[in-house]
Every structure is written in C-alpha cells, then in structure tokens.
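What follows is a short report on a single structure.
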Amino acid sequence: MTKSLSDTTGARAPQRFMRDPIAARRVAAPLRLLVGAAPDPTDDERDRLGRALMERDEPADALVRAIREDHIVTMPMFRQALEHGIDSIPDPPDPLRDFFETLARTPDWVDEAKLTHGARVLRRVGLDASLVLGYGSLLGGYNNSGPLPLLMASGKLTGEQTLRRVSETSVWWRAVTAPDGLERFGEGWKLTVHVRAMHAFLNYQHEHDPAWRSDVRGLPINQFDQAGTLGLFSTTFLIHTRVLGLRYTKADADAAMHLWCYVGWLMGVDEHWLPFTEAGGRRMIYHIGTASPAADANSLALAKSLIESPKLIHHKNFQRVRRTYDYERGLSLATTLLGPAGVRALRVPMRPPWYPVWRAAANTVKHRVIARLPGGQRWVDARAERQLDDAHRRLLGGERPPIGQITHSD
C-alpha cells in the first residue's frame, strides 16, 4: 500500500501553537476559575498539546488511502458496510474490514447504562440545547482561528449556508442523544462514523495540497482541534447550561461526559484526549484555549454570519418582530456565555444578560420544583422533546439536510 505523507508524529509544533498567549488567556479567563489549583499546563502537557496538532486519525486515514491511492475500496463498499455491517460484503478488502472491526471493538470502559442516562440528561435541556450549542459552543469556538480556513473553504458557515450547517449539527446531536442512537445500527452511530470518514477525506485532500502549510497550521484535521471540538460539546455545554439554571447531579454530569467520550472515540479522537471526568475536561479545554491562535478575519466573518442567522429564519406570523427578538436573544446569550472578552474578540455587539436571567429563573422552577412533583419529570422531559422538535422546524422548515456529504467520486 502506498504510504501517506511523511509521518508527522513527534514533529515540531506548528507556528499556530501558543502564537497569541495574551489574547488567548484573556478569552479563556472565565474558564480558568473553574480549573482549580495549578491550572497552567505542565511541560509534559504543553509538549503533548503541540504534538497533537501534527497527529491525524490514522485508522480513517488508512481507509481513505485504500480508496484514493490503492483503489481497493470503493465508496459503495463503505456505505454498504456502514448501513448493513461489514459481513454484508463478500470477501471485503482488508482496509475496510480493519476499519469496521476497529469500531466493533468497543472499549471496555463504555457503559451502556451510562450512555442511556447521558442521552436522557442531554435531551432534557430542551430549547436551551440548541441555543447553548450555537451561541456558546460554536460561536466560542471561533475564537480559535486555527481550524477556520477549512470551514471558510467549504463555504458552509457563511451567508445563507449558516442555517443549513447549524441544522446539520442539530440533526447529528439529536441522533447521538436519541434512545439507542449509539447502538451499532443506530442513526447516531452511523452518522458519527460517516462524519469521521468525511473528516479523513478532507484531511487527505488538504494535506496533499502543496499550498497547505502544516508547519504553520498543523494538519488540516488534527487531534488538537478534534479534542477542542469535543470539549465544546461536552465540558463547555455543561458549564453553559448551568449558567442558564440547569441542574445536574454528579451522576448526571458523569453520564453526559461518558456519552461524549464514546462519541469522541467513534469520531477518531485518541483516548488521551477524551474528557473522562468533568474536572479533567475543564483542564483540557482551558489548555487548548490558551494554546490556540486568536480570532482573525475568518473568525469575524463566521461570527457575523452566525449572529445574523436569525434574520434569515422564516416565520409565518410577526416575522420582523420575531427575527429581532431572536437576534437580540442571541447577543444576550453570547455576551453572558462567552464573557466580554470573548465577544469583543469576535466583534459581536454586547447586550445585557436579560435572556440568561430569564432562562435561569424559568429553569430553576422547571427542574428544581416541577420536576420533583409526582409526574413532574415526565412533563419536563416531554416538554423538552417538543422544544427540540420546534427548534429544528424553525431552522429549515423541518427539512433534514444531508450530513457532511462525502464528495469523492465513486
């Protein structure tokens, strides 16, 4: 089999690593308060972070090379194995079998009961889930400009494509948190593995582009950025929803983190970067934040598109009023969740925390009073499901967009 580009494991950290320490620390300052004693990385941790920028998902890369270079695996074969299992293909090529057999070897640490519990906890967030993922996780992630050239190149997170991309993420999030969604043939499992393959194709394409400077940017899709993204869905999500008044027991938070660890493993994140505990996740996401390059022109363009996306949503009634309300709600959330430094770095207009204060009050009543009444938790859960459905319908009128199309020709 043809070798990929030269092995970059252990190579010198690219120039983007810890390029803007003062700006990065300013944006990450609120999280520092939650990390505890000795928040800064040790020398070993700093070295590991730098090397992660030059580490790819090797099993998925091997599969892509079997398709793109050796031509012994085809995309129809991959789709067949994904939908119906590797055994549905007579005499499958070794690279395809190896990839799916790796996925079949579920780690011993995976606990099915915790996955079920974690999914239930996450879906219980309801309306606030999509808002926190949008104005906390996604928007906050733009303060790390390192991976943004790929997003800009795709054209899927600017202008009218913003709502479609947010809707794709919503479909995936709902799939991985659905009952049995992470079973082998569950929708969440299949979509996650599909996205993993898509990432590997993108990494291969850009890594082999002479214009890509790995010594400056790191690998196009690398373990550092993947770990950061996973942290936004897990650790940061729990922090931000608590700001909005959500209540989690220790078992609830542990189960939510456990689910995202398994999703991360399926996505090709090395076990070293999986946030097995919330405390460990906070430390990791703080280290990644302070080692990331500051916001740049790409960050500003993406942030502007996201912030203005409510102006593109169609409402049957009172459209102008509702668009204005959604826009101002987003600014209020962004200011509270990211902090003044976080929104200023992205040039997002600041607003008072009127919406988070309202949501915190409403959630306190809902989760700490109503949920404790007889039948109250069932009511809270059912209401959350309706809110998730309503939020999805508002984005694209209920249209289900295709998730991360793999454009390699068959």
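Numbers for the structure displayed
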quantity	calculated
Scan of the range 347-388 for residues that are crowded, with 16+ Cβ neighbours inside 10 Å and among the small types (Gly, Ala, Ser), ordered by number	360, 371, 384
Failed condition for residue 247, given (1) modelled with pLDDT of 95 or more; (2) under 14 Å from residue 121 (Cβ atoms); (3) of a type in the set (D, E, K, R)	(1)
Check on residue 130, more than 15 Å from residue 238 (Cβ to Cβ) and over 20 Å from the mean Cα position of the chain (by Cα)	no
Any hit, the range 74-92, residues being surrounded by fewer than 15 Cβ atoms within 10 Å (Cβ to Cβ) and either among the β-branched types (Val, Ile, Thr) or in contact with a Gly (Cβ under 6 Å, 6 or more places away or on another chain) (or both)	no
Conditions (1) crowded, with 23+ Cβ neighbours inside 10 Å; (2) among the small types (Gly, Ala, Ser); (3) more than 21 Å from residue 134 (Cβ to Cβ); number of the one not met by residue 251	(1)
Given (1) modelled with pLDDT of 95 or more; (2) farther than 17 Å from residue 265 by Cβ, index of the condition residue 229 fails	(2)
Candidate set: the range 21-59, residues that are of a type in the set (A, V, I, L, M), modelled with pLDDT of 90 or more and outside any helix (DSSP H, G or I); chosen: the one nearest to the chain's Cα centre (by Cα)	53
Checking residue 301 against (1) closer than 28 Å to residue 53 by Cβ; (2) under 19 Å from the mean Cα position of the chain (by Cα), the condition it does not meet	(2)
Failed item in (1) surrounded by fewer than 16 Cβ atoms within 10 Å (Cβ to Cβ); (2) without any contact (Cβ under 8 Å) to a residue 40 or more places away in the chain; (3) of a type outside the set (Ser, Thr, Tyr); (4) in a helix (DSSP H, G or I), with residue 149 passing the rest	(2)
Residue, surrounded by the most Cβ atoms within 10 Å (Cβ to Cβ), within the range 60-73, restricted to residues that are of a type in the set (D, E, K, R) and in a helix (DSSP H, G or I)	61
From the options 241, 236, residue that is in contact (Cβ under 8 Å) with a residue 60 or more places away in the chain, under 27 Å from residue 16 (Cα atoms) and under 17 Å from the mean Cα position of the chain (by Cα)	236
Search result, residues across the range 305-326 that are touching a Leu at 6+ places or on another chain (Cβ under 9 Å) and touching a residue at least 24 places away in the same chain (Cβ under 8 Å)	305, 306, 307, 309, 312, 313
Any chance residue 329 is among the charged types (D, E, K, R) and in contact (Cβ under 8 Å) with a residue 24 or more places away in the chain	yes
Selection count where residues are in contact with a Lys or Arg (Cβ under 8 Å, 6 or more places away or on another chain) and either more than 11 Å from residue 346 (Cα to Cα) or among the β-branched types (Val, Ile, Thr) (or both), scope the range 299-325	5
Residue identified as under 16 Å from the mean Cα position of the chain (by Cα), crowded, with 24+ Cβ neighbours inside 10 Å and touching a residue at least 12 places away in the same chain (Cβ under 8 Å) among 259, 266	259
Verdict on residue 344 being without any contact (Cβ under 8 Å) to a residue 12 or more places away in the chain, surrounded by 13 or more Cβ atoms within 10 Å (Cβ to Cβ), closer than 30 Å to residue 216 by Cα and of a type outside the set (S, T, N, Q)	yes
Residue match in the range 97-106 (condition: modelled with pLDDT of 95 or more, closer than 18 Å to residue 205 by Cα, among the β-branched types (Val, Ile, Thr) and outside any helix (DSSP H, G or I))	no
Residue check for residue 252: over 13 Å from the mean Cα position of the chain (by Cα), at pLDDT 95 or above, of a type in the set (Asp, Glu) and closer than 30 Å to residue 353 by Cβ	yes
Tally, over the range 179-210, of residues that are modelled with pLDDT under 95 and small (Gly, Ala, Ser)	0
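The values are calculated or read from the model by the stated rules, or taken from the named source; none is laboratory data. All values reported here derive from a predicted model rather than from experimental measurement. Don't worry about glycine lacking a Cβ; one is built from the backbone with ideal geometry, like all the others, and counts go over all protein chains shown.
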